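To start, the structure itself, in structure tokens.
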Amino acid sequence: MKVLALGAHPDDIEIFMFGTMAAYAAQGAELTFAIATDGAKGGKGDPALLARARREEATAAAGLLGVMPHFLDFPDGGLVVDAALVEAVKALIGEVKPDLVITHAPNDYHGDHRALSDGVRIAASFTVPVLHADTLGGTGFSPTHYVDISGHADIKVKAIRAHQSQDPERFVDAARTQNTFRAGQCNGAAGALAEAFRFEPMFPFADIRALLPPAPPIRPVTVSTKTVT
């Protein structure tokens, strides 16, 4: 199993899909990470120094799963769906030959996320299925698939915290809140965590459930055990 994960910025894979990547790694999947922009606008100070720091942070985070990320180095905040982006992603897909590509949702909050989503969809064409990760805060997102990441919570937190330039605790808290809610949608047990995704069937890819790690286990809905007298 080969999985290609693409994030617009150096910490996006960690925030939106790292639990799922850890689940894939536990299954023995071959993972490839790619980061579209240099992240130079993700803070104050010298953009070149920030871009270098964020590259090092992303490398450290990916290294937790034994992955060396690819850096496409498009300018942060200026990603557009043009020939350069589509060709770069198409070349990466041709090199990796993934069974599944995971990237941002087309309606996510950041313009770079939306541009990457559209560019990946065009580049993938009918060669590989594309799965969209949850949006920030889950806003406007209707999942079709869930992945149980309860056993991978610690490594996801560690990966997010690798991005010290980004004040990572805010993302640790936000991700846990969102992952708890997504598990709750599946009637998850207390403490359960899940990442949510959306798949839009496109010929010849109609169903990709078999390509995903396990969903949260189904738990019965029970009535109250209290006796009213």
Please list, ordered by first then second residue, the pairs with beta carbon atoms under 6 Å, 6 or more apart or interchain, first in segment 41-67 and in a helix (DSSP H, G or I), second charged (D, E, K, R).
51/38; 61/14
I need the full set of residues from segment 90-133 which are open to solvent by 10 Å² or more (accessible area, probe 1.4 Å), in a loop (DSSP other than H, G, I, E, B) and farther than 14 Å from residue 205 by Cβ, in order please.
97, 106, 107, 109, 110
Condition set assigned to a loop (DSSP other than H, G, I, E, B) and at pLDDT 95 or above, scope segment 191-206, selection surrounded by the fewest Cβ atoms within 10 Å (Cβ to Cβ): answer is 203
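Taking residue 85 as the residue in question, decide whether it is touching a residue at least 40 places away in the same chain (Cβ under 8 Å) and hydrophobic (A, V, I, L, M, F, W, C).
yes
Condition check ((1) open to solvent by 20 Å² or more (accessible area, probe 1.4 Å); (2) touching a strand residue (DSSP E or B) at 6+ places or on another chain (Cβ under 8 Å); (3) hydroxyl-bearing (Ser, Thr, Tyr)) across all residues:
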site: 161; (1), (2), (3): yes, no, no
site: 164; (1), (2), (3): yes, no, no
site: 167; (1), (2), (3): yes, no, no
site: 177; (1), (2), (3): yes, no, yes
site: 185; (1), (2), (3): yes, yes, no
site: 189; (1), (2), (3): yes, no, no
site: 208; (1), (2), (3): no, yes, no
site: 212; (1), (2), (3): no, yes, no
site: 219; (1), (2), (3): yes, no, no
Suppose the filter is more than 26 Å from residue 72 (Cβ to Cβ), open to solvent by 40 Å² or more (accessible area, probe 1.4 Å) and more than 15 Å from the chain's Cα centre (by Cα); does residue 142 pass it?
yes
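Answer with yes or no whether residue 83 is at pLDDT 95 or above, surrounded by fewer than 21 Cβ atoms within 10 Å (Cβ to Cβ) and more than 12 Å from the chain's Cα centre (by Cα).
In short, yes.
The values are calculated or read from the model by the stated rules, or taken from the named source; none is laboratory data. Model, not experiment: these values are computed from the prediction. Glycine also receives a Cβ, built like all others from the backbone with ideal geometry; neighbour counts cover every protein chain displayed. Surface accessibility is based on the protein's heavy atoms, side chains included, excluding ligands, DNA and RNA. Shrake-Rupley method; radii C 1.70, N 1.55, O 1.52, S 1.80 Å.
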